[in-house]
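The values are calculated or read from the model by the stated rules, or taken from the named source; none is laboratory data. This one's a predicted model, so the numbers in the text were calculated from it and none came from an experiment. FYI the Cβ positions are ideal-geometry reconstructions off the backbone, even for glycines, and counts take in every protein chain you see. Surface areas here come from the heavy atoms of the whole protein model, side chains and all, with no ligands, DNA or RNA. Shrake-Rupley method; radii C 1.70, N 1.55, O 1.52, S 1.80 Å.
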Amino acid sequence: MNKYSLEGRVAIVTGAGRGIGEAIANQLLENGAKVVFCDLSEDAANTACSDSCTDEAGLPFYGNLAKEEVAGALIAKTVAHFGKIDILVNNAGGGIITPFLEHTPETLVETINRNLWTAIWCSWHALPHMKKAGFGRIINMGADSVRNGLFDHAGYNAAKGGVHGMTTGLAREFARDGITVNTVAPCAVQTQQLEDVRRVNPELVDKVLDIIPMGRAATEAEVASMVIYLASDEAGFVTGQVISVNGGTTML
Ligand SMILES: NC(=O)c1ccc[n+]([C@@H]2O[C@H](COP(=O)([O-])OP(=O)(O)OC[C@H]3O[C@@H](n4cnc5c(N)ncnc54)[C@H](O)[C@@H]3O)[C@@H](O)[C@H]2O)c1
């Protein structure tokens, strides 16, 4: 049974090849939306899409969305295939979590590319379609570390802080066009990304989990369900928000 009104909606989820993005794509499908599974990896996009849905409900797309022309191609392919775009979930990203001076020029540029340019270019290409249709939902994946200045997150926060900032700006600019723009900001989530950080720096993961009042990481489904709510018709009066899904960390 559908929890929210998403029947007939067309959604793009970036970074849907694995992790939180795949969980979001699957929950959108369960609630009746058609979904474009987009990822950097061709294999991941194809596999996640074919594992979850029929050809009528899903479409795979791969490419580097930090490039303006690739983001443009994603939006154009979505509109050509499904006729419109109602929901854009800017989930692609991922941290290169390290003390600021241990970053290289390459890792800093990659951090901004992955987390910020992907969201900027996809939004920039999707918004004209949403504005014309008089309806849109943009949901960005931010990070609670922007708010609490989490250890070793300065480079990542520079990128995610940009995403949080774009949220309020776009929400105001398109508030009278039927378009809402929000950000979901998780703390630690039990994903491959968290396991990658644990492998390199287990003390950091312990420290991060220790400051969460619930004492654990979120599940991917717990983060995805907030995205699904924000994508729904029911969330029509919620815009310009950065919503933490953080096990109570705000109480610190
Ligand atoms: N895992 C966590 O603890 C956590 C916490 C806070 C925020 N987040 C954010 O949530 C989102 C999802 O996290 P995750 O743990 O599932 O990440 P992940 O690394 O498992 O998956 C991210 C996906 O994005 C894709 N991607 C990266 N750069 C891309 C690009 N330039 N173009 C197209 N696709 C690209 C990757 O291929 C990958 O499949 C990310 O934005 C991440 O920064 C994660």
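Results for (1) assigned to a strand (DSSP E or B); (2) touching a residue at least 40 places away in the same chain (Cβ under 8 Å); (3) surrounded by 21 or more Cβ atoms within 10 Å (Cβ to Cβ), shown as yes or no for each residue.
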position	(1), (2), (3)
Leu150	no, yes, yes
Arg176	no, no, no
Asn182	yes, yes, yes
Asp206	no, no, no
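With respect to Gly19, determine if the residue is farther than 19 Å from Ile112 by Cα, within 12 Å of the ligand (Cβ to nearest atom) and within 14 Å of the chain's Cα centre (by Cα).
Numbers: farther than 19 Å from Ile112 by Cα: yes; within 12 Å of the ligand (Cβ to nearest atom): yes; within 14 Å of the chain's Cα centre (by Cα): yes.
Yes; evaluated as a whole, the condition is true for this residue.
Just to be sure, is Asn46 part of a loop (DSSP other than H, G, I, E, B) and open to solvent by 20 Å² or more (accessible area, probe 1.4 Å)? Show your work before the answer.
Numbers: part of a loop (DSSP other than H, G, I, E, B): no; open to solvent by 20 Å² or more (accessible area, probe 1.4 Å): yes.
Spelling it out, it is not the case that Asn46 is part of a loop (DSSP other than H, G, I, E, B) and open to solvent by 20 Å² or more (accessible area, probe 1.4 Å).
I'm told Asp55 meets every condition in (1) buried (at least 19 other Cβ atoms within 10 Å of the Cβ); (2) more than 25 Å from Ser225 (Cβ to Cβ) except one. Can you identify the failing condition by its number?
(1)
Residues to consider are Leu65, Leu88, Leu40; find the one that is closer than 21 Å to Gly142 by Cα and open to solvent by 40 Å² or more (accessible area, probe 1.4 Å).
So the residue among Leu65, Leu88, Leu40 that is closer than 21 Å to Gly142 by Cα and open to solvent by 40 Å² or more (accessible area, probe 1.4 Å) is Leu40.
Are any of the residues in region 35-46 within 9 Å of the ligand (Cβ to nearest atom) and charged (D, E, K, R)?
Yes: one or more hits.
Pairs only if they're at least six apart or on different chains, beta carbon under 8 angstrom, first in region 129-147 and within 11 Å of the ligand (Cβ to nearest atom), second among the charged types (D, E, K, R); list them, first residue then second.
From residues that are within 11 Å of the ligand (Cβ to nearest atom), the pairs are Gly142/Lys160; Ala143/Lys160; Ser145/Lys160; Val146/Lys160.
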